[in-house]
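Report on the structure given below.
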Amino acid sequence: MGILDFLKTRPKNTANIARERLRIIVAQERSQRGGPDYLPLLRSELLAVIKKYVNVDPEAVLINVERDSGQEVLELSVTLPEVKA
Amino acid sequence: MTETIVVTSGKGGVGKTTTSASIATGLAQRGHKVAVIDFDVGLRNLDLIMGCERRVVYDFVNVIQGEAALRQALIKDKRHETLFVLAASQTRDKDSLTQEGVGNVLEALAQDGFDYVICDSPAGIEKGAHLAMYYADRALVVVNPEVSSVRDSDRILGLLASKTRRAERGDGAVQQHLLLTRYNPARVEAGEMMSVKDVEEVLGIPVLGVIPEHESVLAASNQGVPVILEESSHAGHAYTDAVARLLGEERPMRFLDAPKKGFLKRVFGG
Ligand SMILES: Nc1ncnc2c1ncn2[C@@H]1O[C@H](COP(=O)(O)OP(=O)(O)O)[C@@H](O)[C@H]1O
Ligand SMILES: [Mg+2]
């Protein structure tokens, strides 16, 4: 830290943080909207099962219903924790 | 043709009633015949903001329950010949509003030649909010540049797309507009508050207007005068612009920049 650094420190841009958080949560909520009511429950039960084997973060489980040309596809993705070398 | 416009938000205290009063008044100033209805059963407030609280004899629920004729319950504005207020019931429980009853009142207003009906929604996503939006042709989604308000308004956008008569009948979507209120340009410039662009990007629907945060709104409500009638209020001017845009006119956005600070203030802060 240089002696003049305190002159440069600006308050954090919290507005950008707000925008990014909203971008993610709104996208997630929209993808579940109109989908079956059981999605949130299904997600939490899946999470419980997965946790028996791997210690994943709740955020790591994404569940989504995709609709295209009359077909509905249930998408599930689980990001596994990084393996420590 | 009567156009029904719901003023809604999900979150409470964001400026729905303030907006309903000013938009209704602005449309009447432009010569339209307008009714503004308070859907907040149990928490009547629109009458105070419109300055007609002592003239409420019958309310919305009285009309729905057949205890008063619509004509008896419509309160004519003191300042505008073509503006009428229908107050919420202060005493009844929320179940006294029914979908059919609301539909009948709106139908009667249409028969009576009203151009616009403005529905001031209660907060939340329960029955009252649902009924306020059900018959809407257009929606003004009032949002503050703040995380919980933005998220709640996205829930409302979802309901507008699925739980309205237009959605159910496949009549074409309810036309959605964002109205950003309590906007503070200085805080936006300081990175403390999301900008119009941020909110528009997150929600992905067009902004009809941006109303600055201003003390004149409180002063106007103290006096029972819709802020759009305050000659020197920026918030009032911003509502006038929003009304013009609602009527299809183009108006540049104003009041998005913080007032420039003088040289000394810039150097010494303040
Ligand atoms: N642009 C604004 N600037 C300052 N205060 C505002 C503004 N808009 C609304 N308010 C204040 O916010 C509070 C809530 O407004 P109100 O219209 O009653 O919200 P809602 O109907 O959504 O609950 C009131 O005290 C009102 O005076
Ligand atoms: Mg209100």
Counting only residues that are at pLDDT 95 or above and within 15 Å of B:I5 (Cβ to Cβ), give me the helices (runs of 4 or more DSSP H) lying completely in segment B:32-132 with at least 3 of them.
B:99-111
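Scan B:V117, B:V150 and give me the residue that is within 22 Å of A:R23 (Cβ to Cβ), crowded, with 23+ Cβ neighbours inside 10 Å and β-branched (V, I, T). Show your work before the answer.
On the way: B:V117 fails: within 22 Å of A:R23 (Cβ to Cβ).
The match here is B:V150.
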With the condition kept exactly as written, say whether any residue in segment B:163-170 is surrounded by fewer than 21 Cβ atoms within 10 Å (Cβ to Cβ) and polar (S, T, N, Q).
no
Can B:G26 be described as within 16 Å of ligand 1 (Cβ to nearest atom), surrounded by 20 or more Cβ atoms within 10 Å (Cβ to Cβ) and farther than 24 Å from B:T98 by Cβ?
yes
Under 9 Å between Cβ atoms, which residue pairs at least 6 apart in sequence (or on different chains) link something in segment B:97-110 that is touching a residue at least 40 places away in the same chain (Cβ under 8 Å) with a partner that is charged (D, E, K, R)?
B:L97/B:K127
Pairs needed: first member in segment B:202-230, without any contact (Cβ under 8 Å) to a residue 60 or more places away in the chain; second member anywhere, of a type outside the set (A, V, I, L, M) and within 16 Å of ligand 2 (Cβ to nearest atom); C-beta distance under 6 Å; at least 6 residues apart or different chains.
B:E213/B:R182
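Can you confirm whether B:R155 is within 9 Å of another protein chain (Cβ to nearest Cβ), away from ligand 1 (no atom under 12 Å from the Cβ) and modelled with pLDDT of 95 or more?
Values: within 9 Å of another protein chain (Cβ to nearest Cβ): yes; away from ligand 1 (no atom under 12 Å from the Cβ): yes; modelled with pLDDT of 95 or more: yes.
It is true that B:R155 is within 9 Å of another protein chain (Cβ to nearest Cβ), away from ligand 1 (no atom under 12 Å from the Cβ) and modelled with pLDDT of 95 or more.
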Of the residues B:V14, B:V6, only one is outside any helix (DSSP H, G or I), within 12 Å of ligand 2 (Cβ to nearest atom) and buried (at least 24 other Cβ atoms within 10 Å of the Cβ); which?
B:V14
Take A:L22 and decide whether it is part of a helix (DSSP H, G or I), hydrophobic (A, V, I, L, M, F, W, C) and surrounded by 13 or more Cβ atoms within 10 Å (Cβ to Cβ).
yes
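Each row is one residue, and each column tells you yes or no for (1) touching an Asp or Glu at 6+ places or on another chain (Cβ under 8 Å); (2) modelled with pLDDT of 90 or more; (3) facing chain B (nearest Cβ under 9 Å).
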site: A:A18; (1), (2), (3): yes, yes, yes
site: A:S44; (1), (2), (3): no, no, no
site: A:I50; (1), (2), (3): no, yes, no
site: A:D57; (1), (2), (3): no, no, no
site: A:A60; (1), (2), (3): no, no, no
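The rows are residues; the columns are (1) away from ligand 1 (no atom under 11 Å from the Cβ); (2) aliphatic (A, V, I, L, M); (3) within 29 Å of B:H32 (Cβ to Cβ).
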{"site": "B:M133", "(1), (2), (3)": "yes, yes, yes"}
{"site": "B:A161", "(1), (2), (3)": "yes, yes, yes"}
{"site": "B:L179", "(1), (2), (3)": "no, yes, yes"}
{"site": "B:A186", "(1), (2), (3)": "yes, yes, no"}
{"site": "B:G191", "(1), (2), (3)": "yes, no, no"}
{"site": "B:S221", "(1), (2), (3)": "no, no, yes"}
{"site": "B:I228", "(1), (2), (3)": "yes, yes, yes"}
{"site": "B:Y239", "(1), (2), (3)": "no, no, yes"}
{"site": "B:R245", "(1), (2), (3)": "yes, no, yes"}
Go through segment A:25-42 and give me each residue that's within 29 Å of A:G70 (Cβ to Cβ), within 13 Å of chain B (Cβ to nearest Cβ) and part of a helix (DSSP H, G or I).
A:V26, A:A27, A:Q28, A:E29, A:R30, A:S31, A:Q32
How do the pairs read when you match residues in segment B:10-23 that are closer than 16 Å to B:D241 by Cβ and more than 6 Å from ligand 1 (Cβ to nearest atom) with residues anywhere that are aromatic (F, W, Y) and at pLDDT 95 or above, using Cβ under 7 Å and keeping only pairs 6 or more apart or on different chains?
B:S22/B:Y239; B:I23/B:Y239
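Hey, among the residues in segment B:183-208 that are in a loop (DSSP other than H, G, I, E, B) and under 18 Å from the mean Cα position of the chain (by Cα), which one's nearest to the other protein chains (Cβ to nearest Cβ)?
Within segment B:183-208, the first condition is being in a loop (DSSP other than H, G, I, E, B), and the residues that meet it are B:184, B:190-195, B:204-206.
Right, trim to under 18 Å from the mean Cα position of the chain (by Cα) and you get B:205-206.
On the way: B:I205: 12, B:P206: 16 Å.
Selected residue: B:I205.
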Considering only residues of segment B:120-134 that are within 15 Å of ligand 2 (Cβ to nearest atom) and buried (at least 19 other Cβ atoms within 10 Å of the Cβ), which is farthest from the other protein chains (Cβ to nearest Cβ)?
B:D120
Would you check which residues across segment B:135-147 are crowded, with 23+ Cβ neighbours inside 10 Å and more than 14 Å from chain A (Cβ to nearest Cβ) and list them?
B:A136, B:A139, B:L140, B:V142
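For segment B:124-153, name all the residues that are of a type in the set (G, A, S) and out of contact with any strand residue (DSSP E or B) (no Cβ under 9 Å at 6 or more places or on another chain). Quick ask: steps written out before the conclusion?
So the first thing to find is which residues in segment B:124-153 are of a type in the set (G, A, S), and the list is B:124, B:128-129, B:132, B:136, B:139, B:148-149, B:153.
Answer for segment B:124-153, where residues must be of a type in the set (G, A, S) and out of contact with any strand residue (DSSP E or B) (no Cβ under 9 Å at 6 or more places or on another chain): B:G124, B:G128, B:S148.
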Tell me which residues, restricted to segment B:140-182, are over 25 Å from B:Y116 (Cβ atoms) and either assigned to a strand (DSSP E or B) or among the charged types (D, E, K, R) (or both).
B:E146, B:R151, B:D152, B:D154, B:R155
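The values are calculated or read from the model by the stated rules, or taken from the named source; none is laboratory data. Here the structure is a predicted model, which is why all the values come from computation and not from measurement. When we count neighbours, we look across all protein chains shown, and the Cβ atoms used for this are built from the backbone with ideal geometry, even at glycine.
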